[in-house]
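The block underneath contains the structure these notes are about, expressed in structure tokens.
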Amino acid sequence: MMVADVIEAYLTRQRSLGMRFESAGELLHRFGRAMGERPIEEVTAGAILDFLNGSGALTATWALKHRVLTGLYRFAISRGYVDSSPLPTTMPKLPPQQTPYVYSTEELRRLLDATAILSTGHSRHVPAMYRTLLLLLYGTGIRIGEALRLTLQDVDLAEKVITVRGTKFFKTRLVPIGPNLADELAAHLGRRRLLAIPCDKAAPLFASRGVRGWCYPHVIAMFQHVRRAAGINCPIDEPRPPRLHDLRHTAAVHRVVAWHRNGQDVQRLLPQLATYLGHLDIRATQRYLHMTPELLEAASQRFA
């Protein structure tokens, strides 16, 4: 059976079980293109190793590729398409996982101001729209993918609530927003109505043209330009610069700092933060609460 056919059969089976398999599906399609038109039993261990290694230095993506291909080959073996898996059985030494970054208030202001750089090479409405996206990510702590999947019907400015559908764990949740973010979204919707893009309820909240919304790689690429223009570089002892996803981490940490400073019971409020962020339980939320100088200071003041 051809590699592409096995991949499609595997994706069909996984999605029939209720899994979205979006990013894994993209990775498997890249694998299929890299292997070319050949039967899956002719794929060699060397070809797979080349795909896993990619170009440049090894990253954590190696482990992700290996995990996804392991699932594919387990499926292929169970269906009799191959006799054994040619995947390597030992893992190379990979760099440590990137430490989540907490942006300071000043850095957040610089990021917002730096969206003006997107006026070069993009449609003229992109800088203001990207600024709104950054404010939404920080103001709600939602995931980037969740923000990009939002449609116009998901934003209820009268009730000041955003409906986040099809989340990481296949649940829908309601995310309340503050008056400042509501005003920013209202201004964004006003600007959006002036554009030659669909405005029906199912239309994407963030879009430049046509019926398709912004895609994840495009948004990440724009963030690299904005981050550099804001003068935010690699932290000390970190090989990579802060990410767009770190706005979610920043939102969680800043909320806990505010609770500490206001003398509120953080342990009692953490389950509420877990629900707000869309986590399955509080342990996932505690992962975000790395000690920062601001959090240490707030905790010290609370103890005193």
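The values are calculated or read from the model by the stated rules, or taken from the named source; none is laboratory data. No experiment lies behind these values; they were computed from the predicted model shown. Cβ placement follows ideal geometry from the backbone for every residue including glycine, while neighbour counts extend to all protein chains displayed. The area values use the complete protein model at the heavy-atom level, side chains included, leaving out ligands, DNA and RNA. Shrake-Rupley method; radii C 1.70, N 1.55, O 1.52, S 1.80 Å.
Report those helices (runs of 4 or more DSSP H) wholly inside the stretch 1-58 carrying at least 1 residues which are among the hydroxyl-bearing types (Ser, Thr, Tyr).
3-16, 22-35
Residues in the stretch 189-199 that are open to solvent by 30 Å² or more (accessible area, probe 1.4 Å) and touching a Ser or Thr at 6+ places or on another chain (Cβ under 9 Å): how many?
Within the stretch 189-199, residues that are open to solvent by 30 Å² or more (accessible area, probe 1.4 Å) and touching a Ser or Thr at 6+ places or on another chain (Cβ under 9 Å) number 2.
Using beta carbons and a limit of 7 Å, which pairs, at least six apart or on different chains, have the first residue in the stretch 136-165 and touching a residue at least 40 places away in the same chain (Cβ under 8 Å) and closer than 21 Å to Leu112 by Cβ and the second one outside any helix (DSSP H, G or I) and small (Gly, Ala, Ser)?
Close Cβ pairs (under 7 Å, with a partner that is outside any helix (DSSP H, G or I) and small (Gly, Ala, Ser)) amount to Gly139/Gly178; Leu148/Gly213.
Among the residues of the stretch 201-221, write down those that are in contact (Cβ under 8 Å) with a residue 60 or more places away in the chain and assigned to a loop (DSSP other than H, G, I, E, B).
Hits for the stretch 201-221 are Phe206, Ser208, Arg209, Gly213, Trp214, Cys215.
If you go through the stretch 138-147 one residue at a time, do you hit one that is more than 26 Å from Phe21 (Cα to Cα) and either open to solvent by less than 40 Å² (accessible area, probe 1.4 Å) or not aliphatic (A, V, I, L, M) (or both)?
Looking through the stretch 138-147, at least one residue is more than 26 Å from Phe21 (Cα to Cα) and either open to solvent by less than 40 Å² (accessible area, probe 1.4 Å) or not aliphatic (A, V, I, L, M) (or both).
Looking at the stretch 164-194 only, could you name the residues that are of a type in the set (S, T, N, Q) and at pLDDT 95 or above?
Asn180 - this is the single residue of the stretch 164-194 that is of a type in the set (S, T, N, Q) and at pLDDT 95 or above.
Within the stretch 169-188, identify whether any single residue is without any contact (Cβ under 8 Å) to a residue 24 or more places away in the chain and crowded, with 18+ Cβ neighbours inside 10 Å, and answer yes or no.
Looking for residues that are without any contact (Cβ under 8 Å) to a residue 24 or more places away in the chain and crowded, with 18+ Cβ neighbours inside 10 Å, one finds none in the stretch 169-188, hence no.
Looking only at the stretch 22-65, count every residue that is within 20 Å of Thr12 (Cα to Cα) and small (Gly, Ala, Ser) and tell me the total.
4
Please work out if Ala230 is of a type in the set (Gly, Ala, Ser) and touching a Ser or Thr at 6+ places or on another chain (Cβ under 8 Å).
Considered against the rule, which asks whether it is of a type in the set (Gly, Ala, Ser) and touching a Ser or Thr at 6+ places or on another chain (Cβ under 8 Å), Ala230 comes out as no.
Would you point out the residue of the stretch 222-245, among those that are buried (at least 18 other Cβ atoms within 10 Å of the Cβ) and touching a residue at least 60 places away in the same chain (Cβ under 8 Å), that is nearest to Leu58 (Cα to Cα)?
Ranking the candidates gives Pro242 first.
For the stretch 209-237: of the residues being over 20 Å from the mean Cα position of the chain (by Cα) and within 27 Å of Ser23 (Cα to Cα), which is modelled with the highest pLDDT?
Selected residue: Arg209.
Is there any pair with a first residue in the stretch 248-264 that is modelled with pLDDT of 85 or more and a second that is assigned to a helix (DSSP H, G or I) whose Cβ atoms are under 6 Å apart and which are 6 or more apart or on different chains, and what are they?
Ala251/Tyr138
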